[in-house]
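To start, the structure under review is shown below, and the notes come after it.
The values are calculated or read from the model by the stated rules, or taken from the named source; none is laboratory data. A quick note: this is a predicted structure, and the numbers were derived from the prediction, not measured. Heads up, the Cβs are rebuilt from the backbone with ideal geometry, glycines too, and the neighbour counts pull from every protein chain shown.
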Amino acid sequence: MERKINYREIGDKIRIEREKFDISREKFAELLDLSPFFIGQIERGERKMSISTLINVSECLHISIDYLIFGKVHKVQENNSLRELINKCSEKEAKVIEEITKAILPHIVR
């Protein structure tokens, strides 16, 4: 039995996750060493990507390949010490931490 891959759904997930980091398509393309045009085609489901590109997308957005292809979400082990620190922050401080995290996380390779 051949499973049909829905490239449009994969592209939608990539776009949604990219937007969670407030990363433009151009910046995302730069991080992946791809063209913004190609990223747009992937996000619209018009083009397929190589396995190495899929891995790079997954690592950059810190999401699993399982999630991109099958929609399976894996629960990450909770970091209670980090949560405790953030809970001690004011609303303004928590927002700054969120913005810093959004800015650096795509640059951290697993």
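Once region 10-28 is narrowed to residues that are part of a helix (DSSP H, G or I) and either among the aliphatic types (A, V, I, L, M) or touching a Leu at 6+ places or on another chain (Cβ under 6 Å) (or both), the residue that is nearest to ARG47 (Cα to Cα) is ILE10. Condition check for LYS72 on (1) at pLDDT 90 or above; (2) closer than 30 Å to LYS4 by Cβ: one failure, at (1). Restricting region 38-71 to residues that are on the phi > 0 side of the Ramachandran plot and of a type in the set (Gly, Ala, Ser) leaves a set whose member that is surrounded by the fewest Cβ atoms within 10 Å (Cβ to Cβ) is GLY71. One residue alone among GLU43, GLU93, GLU26 is out of contact with any helix residue (DSSP H, G or I) (no Cβ under 7 Å at 6 or more places or on another chain) and not basic (Lys, Arg), and that residue is GLU93. Restricting to region 11-37, give me the number of residues that are modelled with pLDDT under 95 and at positive phi. Going through region 11-37 one residue at a time, the tally reaches 1.
Among residues of region 13-38 being over 11 Å from the mean Cα position of the chain (by Cα) and in contact (Cβ under 8 Å) with a residue 24 or more places away in the chain, the one that is nearest to LYS102 (Cα to Cα) is LEU31.
Given the residues ARG47, ARG8, which is the only one that is modelled with pLDDT of 95 or more, touching a Lys or Arg at 6+ places or on another chain (Cβ under 9 Å) and of a type in the set (D, E, K, R)? Within the list ARG47, ARG8, the selection yields ARG8. Within region 25-49, being touching an Asp or Glu at 6+ places or on another chain (Cβ under 9 Å) and over 25 Å from VAL73 (Cβ atoms) holds for PRO36, GLY40. If you go through region 77-100 one residue at a time, do you hit one that is in a helix (DSSP H, G or I) and within 17 Å of ALA29 (Cβ to Cβ)? No; the residues of region 77-100 include none that is in a helix (DSSP H, G or I) and within 17 Å of ALA29 (Cβ to Cβ). Residue count for region 64-102, restricted to those that are in contact (Cβ under 8 Å) with a residue 12 or more places away in the chain and of a type in the set (A, V, I, L, M, F, W, C): 2. Of the residues making up region 45-65, those that are in a loop (DSSP other than H, G, I, E, B) and under 18 Å from ASP22 (Cα atoms) number 2.
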